[in-house]
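Student: Here you go, one structure.
The values are calculated or read from the model by the stated rules, or taken from the named source; none is laboratory data. Given the structure is predicted, the values throughout are model-derived calculations rather than measurements. For neighbour counting, all protein chains shown are included, and Cβ atoms are generated from backbone atoms with ideal geometry for every residue, glycine included.
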């Protein structure tokens with residue numbers, strides 16, 4: 001049997017062998033969860049911690065929150081500080097949800113009806129977020145922050161509403177703080193803290209997703225002023241049956257990792273695994289964009305994320321593949337814990353500088369730009 005290190009290296013190479021190739025040194029940074037609520041505030045975090053919830057054991061609950069003015073301003077400073085061979089700054093493909101629950105209306109209905117509010121309205125309810133929507137527009141204009149569709153909400157509406165209706169204590173306590181969930185022992189209907197928006201337990205719930213997707217993509221176009229050409233499912237969980245609906249609304253590229261988790265109708269949170277490779281085309285002509293590099297310094301803080309990411313990029317380039325880096329929003333949020341943001345932004349700046357030093361001919365792209373290149377719309 002190969003040593004663990006060699007097995008990991010072998011798998012990294014195998015991941016990059018099949019699929020679309022290019023001699024260009026392309027780097028795409030895909031960052032998920034923008035626009036979505038998570039931990040409401042530092043006060044909420046302390047409340048749940050003192051109430052016995054192990055929120056300190058989940059990196060999302062510990063640091064992730066709705067992005068603030070300062071969070072975006074500091075991120076933009078890092079991205080615009082570096083330029084590729086074409087003079088373009090580093091850019092985040094900011095995978096964004098465009099709505100969050102309207103807690104007041106849901107409560108007023110006696111938890112019988114679900115209501116949502118556009119994400120720009122959610123920003124208005126937070127204390128340090130009055131410029132965030134304008135900063136989105138600034139980031140788009142300066143080609144450093146380019147939103148793509150991550151869903152209407154980062155929330156499994158059916159499971160969450162069912163938990164509220166049956167009076168689940170943990171869910172109602174989170175609701176009282178304008179949150180979906182807090183870190184608890186796994187429950188049958190809350191293995192993913194209600195975050196798997198495209199998950200379902202019945203054909204009825206599967207059918208409800210059509211409305212969620214259509215409304216979400218329409219709201220994305222309305223608020224951001226353009227159609228999203230790519231989509232990534234929350235928690236990498238989706239049924240391929242939604243892909244024709246995505247295509248109908250202008251989504252040509254599907255982001256993800258090598259493994260797609262397809263829900264099963266057995267009520268046990270089982271998933272069928274479906275594998276994808278770089279640039280793979282499905283039966284209706286959409287292309288899969290597969291992440292092959294990772295920069296998540298908020299996880300395993302003693303791990304050398306910079307060296308690991310550089311090594312993964314090197315493997316991708318060795319096989320003439322673009323490097324698609326996964327780097328979630330939680331790494332860059334300081335609304336609850338400013339030290340989290342400041343430390344990780346420094347690491348991000350070092351990573352970007354090292355990329356440019358090691359590969360001076362690198363090109364920064366967004367996911368949809370890479371998708372256009374793969375599909376034949378050459379840049």
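Student: Give the residues of the range 198-238 that are modelled with pLDDT under 95 and crowded, with 18+ Cβ neighbours inside 10 Å, sorted by residue number.
Tutor: Listed by number, the residues that qualify are 199, 200, 201, 206.
Student: Just to be sure I understand, how many residues within the range 140-161 are out of contact with any strand residue (DSSP E or B) (no Cβ under 9 Å at 6 or more places or on another chain) and surrounded by 17 or more Cβ atoms within 10 Å (Cβ to Cβ)?
Tutor: 4
Student: Could you tell me whether residue 332 is in contact with a helix residue (DSSP H, G or I) (Cβ under 6 Å, 6 or more places away or on another chain) and closer than 29 Å to residue 62 by Cα?
Tutor: The answer is yes for residue 332.
Student: So in the range 250-264, with the set limited to residues that are buried (at least 18 other Cβ atoms within 10 Å of the Cβ) and closer than 22 Å to residue 204 by Cβ, which one is farthest from the chain's Cα centre (by Cα)?
Tutor: Within the range 250-264, the match that is farthest from the chain's Cα centre (by Cα) is 263.
Student: Quick check, is residue 242 touching a helix residue (DSSP H, G or I) at 6+ places or on another chain (Cβ under 8 Å), touching a residue at least 12 places away in the same chain (Cβ under 8 Å) and closer than 17 Å to residue 371 by Cβ?
Tutor: Criteria not met by residue 242.
Student: What tally of residues in the range 278-291 results from selecting those that are surrounded by fewer than 16 Cβ atoms within 10 Å (Cβ to Cβ) and either within 19 Å of the chain's Cα centre (by Cα) or outside any loop (DSSP other than H, G, I, E, B) (or both)?
Tutor: Count: 1.
Student: Return the total of residues in the range 45-73 being surrounded by 22 or more Cβ atoms within 10 Å (Cβ to Cβ) and farther than 22 Å from residue 101 by Cα.
Tutor: Adding up the residues that qualify gives 2.
Student: Among the residues in the range 24-34, are any more than 30 Å from residue 287 (Cβ to Cβ) and out of contact with any helix residue (DSSP H, G or I) (no Cβ under 8 Å at 6 or more places or on another chain)?
Tutor: Within the range 24-34, none of the residues are more than 30 Å from residue 287 (Cβ to Cβ) and out of contact with any helix residue (DSSP H, G or I) (no Cβ under 8 Å at 6 or more places or on another chain).
Student: Also: Could you list, ordered by first residue, the pairs with Cβ atoms under 7 Å in which the first is in the range 12-26 and at positive phi and the second is part of a strand (DSSP E or B) and crowded, with 16+ Cβ neighbours inside 10 Å, at least 6 apart or interchain?
Tutor: 19/278
Student: Just to verify a result, which residue in the range 129-139, among those that are under 22 Å from the mean Cα position of the chain (by Cα) and farther than 18 Å from residue 328 by Cβ, is surrounded by the most Cβ atoms within 10 Å (Cβ to Cβ)?
Tutor: In this case the residue turns out to be 129.
Student: To continue, here is another question. Determine whether residue 172 is under 25 Å from residue 52 (Cα atoms) and either touching a residue at least 24 places away in the same chain (Cβ under 8 Å) or surrounded by 23 or more Cβ atoms within 10 Å (Cβ to Cβ) (or both).
Tutor: no
Student: Check whether at least one residue in the range 301-313 is touching a residue at least 40 places away in the same chain (Cβ under 8 Å), more than 26 Å from residue 260 (Cβ to Cβ) and either touching a helix residue (DSSP H, G or I) at 6+ places or on another chain (Cβ under 9 Å) or in a loop (DSSP other than H, G, I, E, B) (or both), and report yes or no.
Tutor: Yes, the range 301-313 contains a residue that is touching a residue at least 40 places away in the same chain (Cβ under 8 Å), more than 26 Å from residue 260 (Cβ to Cβ) and either touching a helix residue (DSSP H, G or I) at 6+ places or on another chain (Cβ under 9 Å) or in a loop (DSSP other than H, G, I, E, B) (or both).
Student: If only one of 247, 289 is at pLDDT 95 or above and in contact with a strand residue (DSSP E or B) (Cβ under 8 Å, 6 or more places away or on another chain), which one is it?
Tutor: That would be 289, the only listed residue that is at pLDDT 95 or above and in contact with a strand residue (DSSP E or B) (Cβ under 8 Å, 6 or more places away or on another chain).
Student: Among what's in the range 74-84 and is surrounded by fewer than 20 Cβ atoms within 10 Å (Cβ to Cβ) and within 20 Å of the chain's Cα centre (by Cα), pick the residue that is farthest from residue 345 (Cα to Cα).
Tutor: Once the filter is applied, the top-ranked residue is 76.
Student: Search the range 292-307 for residues being modelled with pLDDT of 95 or more and buried (at least 16 other Cβ atoms within 10 Å of the Cβ), and hand back the single one that is nearest to residue 373 (Cα to Cα).
Tutor: In this case the residue turns out to be 292.
Student: Can you tell which of 334, 371 is touching a residue at least 40 places away in the same chain (Cβ under 8 Å), buried (at least 19 other Cβ atoms within 10 Å of the Cβ) and outside any helix (DSSP H, G or I)?
Tutor: Being touching a residue at least 40 places away in the same chain (Cβ under 8 Å), buried (at least 19 other Cβ atoms within 10 Å of the Cβ) and outside any helix (DSSP H, G or I) holds for just one of 334, 371, which is 334.
Student: Any chance the range 322-329 includes a residue that's at pLDDT below 95, in contact with a helix residue (DSSP H, G or I) (Cβ under 9 Å, 6 or more places away or on another chain) and either closer than 15 Å to residue 289 by Cβ or outside any helix (DSSP H, G or I) (or both)?
Tutor: no
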